[in-house]
Amino acid sequence: NCAQLLVARAFRQSCRSDQTGVMSTSNENSPTPMGGPTAMGGLKVLEISSLVSAPFCGKLLASLGAEVIKIEPPKTGDPSRRRGPFPDDVPHIERSGLFLYLNTGKKSVTLNLDDHQGREILWQLTDKVDVLIHDLSPFRATELGIAQDRLAEDRPNLIAAAITPYGSTGPYSEYAANDVNIFHAGGEGNLLPNGLALDVFPDRAPLAAGSMMGSYQGGLSAAVGICGAIYAKMGGSPGQFIDCSTQEAELTIGYMPLQRLESEGIEENRFTRFFRVGGVMPAIDGYVELLTLEPRQWENLGVFLGEPDWAAPERFQDPATYGADINRNLREWTKDKTKDWLYHNGQAAGVPFAPFYTPGEVFESPHQRERGFFTSVEHPEAGTYDYAGPPFRMSETPPVLDRAPLLGEHNSAIFRDLRYTGEEIVSLARSGVI
């Protein structure tokens, strides 16, 4: 612990040129006080964000123990506060499941960034933190006075990360985009639907994956970049600007079609990616995936099926001719069996079956429950629910999961740390600045 405190102190000294006025507000919204050191304890983060990418980045840092201060518009807050799911399907600005999940462990201050005084306060806040995360276009960042060039000149020790749809440079840098745009701009959507959906609906238009996967990938990628900049800072590097494109984050996890185009000259599509034998198979209680890529797996499948004529080895070896017939018979064979029966018995026979679990099945999974992945968190407005925890474990500095803040919950504490008096805070609220 002493060694860690020394490292933290060295980090703080390397990150800051001015140690005066450092905010020291306690994490009052924690349901369980942190009983030990955290990986990023002492790190101060300012977040200007909405919806998914940048909030997810801040959430990851908060789970490592960083103090994350989120700036939200007065009265309305982050747009995700108006998106569900809501308990009992009753919309409420403090009960959005999306907001509550993406903003665990943060503090909320309200600030009108279209107001001149609001921008002055924003600039003051950038001098009290070690990391700035935002999802603003280059034009908007310049308009708010936090563009890369100004930060490099006046806040040289600040690490700043911009998480935008197409990056902060290039012809698309000012384009606005939603998750569906990002997913398709990454090329993956053109390869969907696949498997059973492609077989049944071969003319269906390209699909985007659900759950805003591209946006989450952008937030995760930015968090990795921030950790790298923090490590460099501990070695004496000045603050760095991290330019994260969510489109490029999406491209990095779906790069193989590009590699195939470059190396083989083949532009992959949903039909070239289609597995002629296997794919999504129906079960009596859902679906399973069958992925037979190697001859031994075909052979094992034939034995597992009881070696019917329609699954003879020579038919497996000619999927272009017999694949549709094999799959049709396979679906008839699997549809009256349970997912778990196919999964466990198939795996035991050397056949790569895997079940598609529903959200409810994952939530009740004995594996996740034994590992403590879901954590009960109490919120004064939303109530007590189980939240998905961080997807990693750390033996010496365990991650933390504290509740999301109420809108503007920490205005008084944060603005008092900026040396505003109670009367001035009331005046800021009356004039709509906060």
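The values are calculated or read from the model by the stated rules, or taken from the named source; none is laboratory data. If you're wondering where the values come from, they're calculated on a predicted model, not measured in any experiment. Neighbour counts run over all protein chains shown; Cβ positions are idealised from the backbone, glycine included. Ligands, DNA and RNA are stripped out before the accessible areas are found, and what is left, the full protein with its side chains, is counted by its heavy atoms. Shrake-Rupley method; radii C 1.70, N 1.55, O 1.52, S 1.80 Å.
Points worth noting:
- Where strands (runs of 3 or more DSSP E) fall entirely within segment 346-410, those with at least 2 residues that are modelled with pLDDT of 95 or more and farther than 20 Å from Lys106 by Cα are at 353-355.
- In segment 206-229, the condition of being open to solvent by 60 Å² or more (accessible area, probe 1.4 Å), more than 30 Å from Asp340 (Cβ to Cβ) and over 28 Å from the mean Cα position of the chain (by Cα) is met by no residue.
- Here segment 140-157 is the region considered, the condition is being closer than 25 Å to Ala232 by Cα and either within 23 Å of the chain's Cα centre (by Cα) or of a type in the set (A, V, I, L, M, F, W, C) (or both), and the residue that is surrounded by the most Cβ atoms within 10 Å (Cβ to Cβ) is Ile146.
- Of all the listed residues (Glu174, Glu153), the sole one being closer than 20 Å to Asp130 by Cβ and either of a type outside the set (A, V, I, L, M) or not in a helix (DSSP H, G or I) (or both) is Glu153.
- All positions within segment 219-257 that are of a type in the set (Phe, Trp, Tyr) and closer than 14 Å to His184 by Cα: Tyr255
- Residue tally, condition under 19 Å from Arg430 (Cβ atoms), open to solvent by less than 30 Å² (accessible area, probe 1.4 Å) and either of a type in the set (Asp, Glu) or not in a strand (DSSP E or B) (or both), over segment 78-117: 2
- Glu250 vs. criteria acidic (Asp, Glu) and buried (at least 19 other Cβ atoms within 10 Å of the Cβ): yes
- Any chance Asp203 is open to solvent by 50 Å² or more (accessible area, probe 1.4 Å), part of a helix (DSSP H, G or I), charged (D, E, K, R) and under 19 Å from Glu268 (Cβ atoms): no
- Taken together, the residues in segment 327-345 that are part of a loop (DSSP other than H, G, I, E, B) and surrounded by 14 or more Cβ atoms within 10 Å (Cβ to Cβ) amount to 2.
- Filter result (small (Gly, Ala, Ser), touching a His at 6+ places or on another chain (Cβ under 7 Å) and outside any helix (DSSP H, G or I)) within segment 48-77: Ser49
- Some residue of segment 132-139 being among the hydrophobic types (A, V, I, L, M, F, W, C), at pLDDT 95 or above and open to solvent by 50 Å² or more (accessible area, probe 1.4 Å): yes
- Segment 417-434, subset part of a loop (DSSP other than H, G, I, E, B) and aliphatic (A, V, I, L, M), residue farthest from Leu407 (Cα to Cα): Leu418
- Per-region count, segment 51-67, residues within 16 Å of the chain's Cα centre (by Cα), closer than 19 Å to Val377 by Cα and among the aliphatic types (A, V, I, L, M): 4
- Tally, over segment 215-240, of residues that are assigned to a helix (DSSP H, G or I), of a type outside the set (A, V, I, L, M) and out of contact with any Phe, Trp or Tyr (no Cβ under 6 Å at 6 or more places or on another chain): 9
- Only one of the numbered conditions (1) open to solvent by 70 Å² or more (accessible area, probe 1.4 Å); (2) touching a Ser or Thr at 6+ places or on another chain (Cβ under 6 Å) is not met by Tyr385, and that is (2).
- Among residues of segment 302-328 that are within 18 Å of Thr272 (Cβ to Cβ), those with a beta-carbon under 7 Å from a residue that is of a type outside the set (Gly, Ala, Ser) and open to solvent by 90 Å² or more (accessible area, probe 1.4 Å) at least six positions away or on a different chain give the pairs Pro319/Arg276; Ala320/Arg276; Gly323/Arg276.
- Scan segment 158-169 for residues that are among the polar types (S, T, N, Q) and surrounded by 16 or more Cβ atoms within 10 Å (Cβ to Cβ) and the total you get is 2.
- As a summary of the residue check, Val303 satisfies the conditions (1) open to solvent by 80 Å² or more (accessible area, probe 1.4 Å); (2) modelled with pLDDT under 90; (3) more than 30 Å from Asp149 (Cβ to Cβ) except for the one numbered (2).
- Yes/no for Asp243 being assigned to a strand (DSSP E or B) and of a type in the set (Asp, Glu): yes
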